1. What FRET efficiency comes out for Ala116 versus Leu139 if R0 is 25 angstrom and r is the Cβ-Cβ distance? Round to the nearest 0.05.
2. Take the eigenvalues of the Cα gyration tensor for segment 113-200, scale each by 5, and report the square roots as semi-axes in whole Å, largest first.
3. Tell me the label-point distance for the pair Phe206, Thr19, using the 7 Å Cα-to-Cβ offset, in nm and rounded to one decimal.
4. Across bins of 10 angstrom width beginning at 0, how are the C-alpha pair distances of segment 176-265 distributed, in whole percent?
5. For Thr90, which sequence-distant residues (separation of 5 or more, or a different chain) have an amide H within less than 5 Å of its own amide H, given hydrogens modelled in the peptide plane?
6. Using helices alone, what [θ] at 222 nm do you get for the chain, with -39,500 (n - 2.57) per DSSP H run of 4 or more residues, divided over all residues and rounded to the nearest 500?
7. Please report, in debye to the nearest 20, how large the charge dipole of the chain is about its Cα centre when each Lys and Arg carries +1 at its beta carbon and each Asp and Glu carries -1 there.
8. For the chain, modelled as a GNM with alpha-carbon contacts under 10 angstrom, which of Val89, Val220, Val112 fluctuates the most?
Amino acid sequence: MGTMYGDWLKARREAAGLTQQQLADQAVMTRSHIAHIEAGRRVPSKEDARRLDTALGTGDVLSSFLPQDDEKSIAEYFEKVLVLEQQAVTIREFALAYFPGILQTKRYARAVLGAAYPPVSEEECDRRVVTRLERAKILEDPLTPVVWALLDETLLRRPVAGGDVMTEQIMHVVQLAETGRIRVHVLPFDVGHHPLMTSMITLMWFEDQPPLAYTEGGHVGKLHDSPSMVRKLQHRYDLAMSDALPLKESLALLRATAKGYGHHD
């Protein structure tokens, strides 16, 4: 979301002579939540906005002008996840068909998003690519979030784009892992059936709220906040990870696969 809303909140808070912690105490929320809203990383709920209006004496301004995304370049079911992804301190991904969005290169993202059905216009495809690349900017911070990527070998073997694009994409992931920015593990074919075969999974941990999980498959996504379901998905992830290749072996397989795509051009 844009920062206009957050900037206005910050200006009203400072005009009232309040620190973020003092406003958080009065509005019954955490200081980090206030910080995320002011920085434009989090959209407050209607109840959050109401409490902020009450604490700052701003009538219903913050409630009436909650940020809205008029030109949606993401699926409706992913909207909340997009915001949460920016706040997470740890993210663990399992990818079954495509490389995780935060790890995608521009050309790979365009190949994936351009193959949408029903087809989308070039302009819409461009907007979706930009949104996906914006998501990847969370990796510009050298430490947070901590990212683990568990990749099913299927996504390495199915060429969703030309050989040069696949090579570039795979080596991008290799480079991120070699520099220590992410951990990557491949779940090989010979594992056979495993507990994550039905969908992709994103697990997220935060500073100021319980962990969440997101599952997606067949153009349907669901954000899970039930503690029991989140734990169940975490356990499934851990079980699948126990069958994955170690980091060094995973990187060797990634490099060999990238080299193979290069030879097919």
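1. After rounding to 0.05, the efficiency reads 0.50.
2. Listed largest to smallest, the semi-axes of segment 113-200 are 24, 21, 14 Å.
3. Simple spin-label model gives 2.3 nm for this pair.
4. 14, 35, 36, 13, 2
5. Correct list: Val146, Trp205.
6. -14500 deg cm²/dmol
7. With only Lys, Arg, Asp and Glu charged at Cβ, the dipole is about 380 debye.
8. Most flexible of the set in this elastic network: Val220.
Read-outs throughout are calculated quantities, based only on the coordinates presented, and are distinct from any laboratory measurement. Computed from a predicted model, the values in this text were never measured in an experiment. Positions of Cβ are backbone-derived with ideal geometry, glycine not excepted, and every protein chain shown enters the neighbour counts.
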